[in-house]
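In what follows, a single structure is set out as structure tokens and then discussed.
The values are calculated or read from the model by the stated rules, or taken from the named source; none is laboratory data. The shown structure was predicted, so the numbers you read here are calculated from the model rather than taken from an experiment. With ideal geometry, Cβ positions are generated from the backbone for all residues, glycine too; neighbour counts draw on all protein chains shown. Calculation scope for accessible area: heavy atoms of the full protein, side chains included, ligands and nucleic acids excluded. Shrake-Rupley method; radii C 1.70, N 1.55, O 1.52, S 1.80 Å.
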Amino acid sequence: MAQAATEEPGIDPAGPESRLRLAQIPAGSQTARKAAPRADSTKKKSSSPKHRKKTAARPAAKAPAAAPAVPSAAKVREFMQLTGAQIEQRIVEQRQILRYNSKDEPARQTLGLIAVELGNRILDLDALDRKQEIAQLIAVIRKDLPDTLWRTTQLAVSDDRTAAALGLFYSEGILTARAPEKGCEQYARAAQNGHVAANYQAALCKARSDPALAKTLLERAAEMGHAGAQELMGRACIEGEKKDSACAIAWLERAAAKGRPSAMSLLAWLYASDPERSDPVKSVNYYRAAAEAGDLAAQNNLGEFYETGRRVPQDATQAFNWYARAAEAGFPPAQLNLARLYAAGTGVARNLASARQWAERAQKQGQARAQEMLDWLAVQK
């Protein structure tokens, strides 16, 4: 992906009249005029003006760009409370200011703070696995805030929320070329200052290189309330050599309470499959909540409940509808299940062409039994 424009110090990206900002010449400078002749202790005759060498003027050194002032806590809280529509309006207002005064520092700082706020909202949405909302915010940053990377980089030195946002920008290639290592460095910096999502992201960064540190960071994020970290802690309880369903459920319940769909789906599976903790009502309720929130595995499994009549009244139409939602979103097991229903005419009119189409899609995604379905369909009339 091509690297986006950045707001570098001394460069104005606001419009077609962009130019380098030259440092002001300090008072008393010799720049751009002849040097005064020096007194000579030997009192030699000065050469005639005709042969006198001219002293070359030295260009003024460009002053280093000052780092932006760290925003006050009150200012940060103000941005945290803005709605999406209010943020969009702020962006429009600041761009209008910069259109007439490209050097307006408050306007540039406001745009930088908005980029930081949206970055943190993306990290919060990631904890809840809200992919569609995340994509929308990323689009806003790329479209409306393409010149805020430099300012974000400067603020990240002393602000953990900015460091976390910068970690996101580097890790996901937002505002700059993708640079996961730089992203992990920023996440680690923010994590040290107690940023919840940064602890989770830093744990993912260290999962292979330093598993012990990754576990510590993950536990910290989970205890601080990060739903994604809580789900991973729950999964760890049942994926190791010693399976501990009670441990898994304790963590997953916390993640599910915050609305993380995949945690709900895993809880539903545990309540449906663990003999010691079987709870049909909870299993159905969690599958339904996860399915309605967009979890594809939950949609497929809820379809299976309705197809077979397990834990819910048998309903072929409902089964078809849930399989279809997951299949259309690209979930291979649901694609194969949908092919079966079309082939049998269950919950939908029999349609061998549609059955073949869905079986082929499932096969391309590695569903082993899809070939059996295709072989059977090949001899049907």
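Here are the criteria: (1) at pLDDT 95 or above; (2) in a helix (DSSP H, G or I). Tell me which single one Ile238 does not satisfy.
Just one mismatch for Ile238, condition (1).
Looking at the range 307-333, which of its residues are among the aliphatic types (A, V, I, L, M) and open to solvent by 40 Å² or more (accessible area, probe 1.4 Å)?
Matches in the range 307-333: Ala329 only.
Residues of the range 143-174 being assigned to a loop (DSSP other than H, G, I, E, B), under 12 Å from the mean Cα position of the chain (by Cα) and either surrounded by 20 or more Cβ atoms within 10 Å (Cβ to Cβ) or among the polar types (S, T, N, Q) (or both), which ones?
Passing the criteria: only Ile174.
Go through the range 181-199 and give me each residue that's assigned to a helix (DSSP H, G or I), within 19 Å of Leu232 (Cβ to Cβ) and either open to solvent by 20 Å² or more (accessible area, probe 1.4 Å) or touching a Pro at 6+ places or on another chain (Cβ under 8 Å) (or both).
Passing the criteria: Cys184, Ala188, Val196.
Hey, among the residues in the range 120-142 that are among the charged types (D, E, K, R) and under 30 Å from Lys103 (Cα atoms), which one's most open to solvent (accessible area, probe 1.4 Å)?
First, the residues of the range 120-142 that are among the charged types (D, E, K, R): 121, 124, 126, 129-131, 133, 142.
After this cut, where a residue has to be under 30 Å from Lys103 (Cα atoms) as well, the list is 121, 142.
Details: Arg121: 52, Arg142: 108 Å².
Here the answer is Arg142.
Does Ala203 satisfy being closer than 30 Å to Glu292 by Cβ and assigned to a helix (DSSP H, G or I)?
Yes; evaluated as a whole, the condition is true for this residue.
Cβ-Cβ distance below 7 Å, separation of 6 or more or different chains: which pairs start in the range 227-248 with a residue that is touching a residue at least 24 places away in the same chain (Cβ under 8 Å) and end on one that is among the hydroxyl-bearing types (Ser, Thr, Tyr)?
These pairs meet every condition: Gly228/Tyr200; Ala229/Tyr200; Glu231/Ser262; Ile238/Ser245.
What are the residues in the range 220-234 that are surrounded by fewer than 16 Cβ atoms within 10 Å (Cβ to Cβ) and part of a helix (DSSP H, G or I), if any?
Across the range 220-234, the qualifying residue is only Glu223.
How many residues are under 20 Å from Glu304 (Cα atoms) and in a helix (DSSP H, G or I) when one looks only at the range 357-377?
8
Name the pairs whose Cβ atoms lie under 6 Å apart, with the first residue in the range 154-182 and free of Cβ contacts under 8 Å to residues at least 40 places away in the same chain, the second part of a loop (DSSP other than H, G, I, E, B), and 6 or more positions between them or separate chains?
Pairs found: Asp160/Asn193; Asp160/His195; Ala163/Ala156; Tyr170/Ala179.
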